[in-house]
Amino acid sequence: MITSPMDPERARWIGTGIPPRLRGITLSDVEEMGAQPDALAKARFYVDGYRAQQSKNWRGLPVNPNIYGLGLLFAGQPGTGKTTLAAAILSELRRRYGTTVYYSRVSDHIDRERRLIRADQSVAAEELSRIQYAVERVQWADVVLLDDAGHEHSTGSKFAEDVLEQLLRQRYDEGRPTLITTNLSGDDWAARYSKALRSFMDQCTRRSIFVGESLRKADR
Ligand SMILES: Nc1ncnc2c1ncn2[C@@H]1O[C@H](COP(=O)(O)OP(=O)(O)OP(=O)(O)O)[C@@H](O)[C@H]1O
Ligand SMILES: [Mg+2]
């Protein structure tokens, strides 16, 4: 069978989960778009300091335990550029340090976890391994972007909230930074998840608040 070679640029980004429109976007691209200077500066600072943040000594222990595994939380109104900037950070980390990165909407991750639990004979083996791959990437990628927390479907059992909390705690314990975007304010976050998780977010991420009007043309 003859298979056509995959476009190398496409091959480079496949398996990162990053949506095509955001693949390979750089911080300079975002700057040219006219990003919020504060948030952009924080993003640059984060990427520049990533190596030092994650460095370990000869015994394999973090050199800077207080920032080891630290991520970022981008909170703000819809359309203010959170996803775009966070995706640029992923691309930069990947390009500069060869970091394994992965992108997933929170809602997609929760749906996959639900499907794994309910998986029965009706789910084709191929589909199952695709789902498993994505779930493992979200858990084990060096840096993961969890997009749009708060938009996942919530049920009485609090399944989604529990999965997210467990994931964030597990990743932090393993020293793997998580970038997360949300429309929820701090108080909304405490109400939706828990006060404990809100307080944990301050430990495992640096928070940036995105202000201003939506940058989306359709919203103007
Ligand atoms: N710095 C920027 N300057 C101008 N336009 C931008 C900038 N950043 C993003 N945009 C554009 O604004 C729109 C919204 O950006 P983005 O999806 O990143 O926002 P968001 O904050 O993640 O929104 P939501 O909360 O709805 O997910 C996109 O069309 C994007 O291309
Ligand atoms: Mg977004």
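Enumerate the lysines that LYS158 could reach by cross-link, defined here as Cα to Cα under 25 Å, with residues fewer than 8 away along the same chain left out.
Reachable lysines: LYS195.
What whole-number distance in Å separates the alpha-carbon centres of region 149-184 and region 67-128?
Spelled out, the Cα-based centre of one part sits 11 Å from the other.
Calculate one ³J(HN,Hα) per residue across region 19-36 by plugging θ = phi - 60° into the Karplus curve 6.51 cos²θ - 1.76 cosθ + 1.60, and present them in order as whole Hz with x for glycine and proline.
With the stated coefficients, region 19-36 comes to x, x, 5, 10, 5, x, 5, 9, 5, 5, 4, 5, 4, 5, 5, x, 6, 5 Hz.
Name the residues whose placed amide hydrogens come within less than 5 Å of the amide hydrogen of ARG105, ignoring near sequence neighbours (fewer than 5 apart) on the same chain.
Placed amide hydrogens put ASP147 under 5 Å from ARG105.
Compute log10 of I(q)/I(0) for the chain with the Debye formula, placing one identical point scatterer on every Cα and leaving out solvent, at q = 0.17 Å⁻¹, to two decimals.
-1.31
Under 5 Å between amide H atoms, partner at least 5 residues away or on a different chain: which partners does GLY71 have, H built in plane at 1.01 Å?
So GLY71 has HN proximity to THR178, THR205, ARG206.
Apply the Karplus parameterisation 6.51 cos²θ - 1.76 cosθ + 1.60, with θ equal to phi minus 60°, to every residue of region 168-181 and state each ³J(HN,Hα) to the nearest whole Hz, in sequence, with x for glycine and proline.
Working through the residues one at a time gives 5, 5, 4, 4, 5, 4, 7, x, 10, x, 10, 9, 9, 10 Hz.
Explain nothing, just the number: relative contact order of the chain, from Cα pairs under 8 Å at least 6 residues apart, as a whole percent.
Taking the mean separation of contacting Cα pairs over the length of the chain, I get 29 percent.
Assigning unit charges at the beta carbon (Lys, Arg +1; Asp, Glu -1) and nothing else, what dipole magnitude in debye, to the nearest 20, does the chain show about its Cα centre?
My answer is approximately 400 debye.
What number comes out for the charge environment of GLU152, summing +1 per Lys or Arg and -1 per Asp or Glu over other residues with Cβ under 9 Å away? Before the final figure, lay out each step's value.
Working: positive: ARG105; negative: ASP108, ASP111, ASP148, GLU161.
Here the count lands on -3.
Along region 198-204, what does the Karplus equation 6.51 cos²θ - 1.76 cosθ + 1.60 (θ = phi - 60°) give for ³J(HN,Hα), rounded to whole Hz, x for Gly and Pro?
Coupling constants for region 198-204: 4, 5, 5, 4, 5, 7, 9 Hz.
Would you compute, from DSSP H runs of 4+ residues alone, the mean residue ellipticity of the chain at 222 nm, taking -39500 (n - 2.57) per run and dividing by the full residue count, rounded to the nearest 500?
Theoretical 222 nm ellipticity from helices: -15000 deg cm²/dmol.
Please list, by residue number, every one of the chymotrypsin sites (Phe, Trp or Tyr not before Pro) in region 56-104 that is coil in DSSP and has at most 14 other beta-carbon atoms within 10 Å.
TRP58
In terms of Cα to Cα distance under 28 Å, which lysines are near enough to LYS56, apart from those fewer than 8 places away along the same chain?
Correct list for LYS56: LYS42.
Computed from the coordinates by the stated procedures, all read-outs in this text should not be read as laboratory data. Bear in mind that the values here come from a model prediction, so they are computed numbers and not experimental data. All Cβ positions, even for glycine, are placed from backbone atoms using ideal geometry, and neighbour counts span all protein chains on display.
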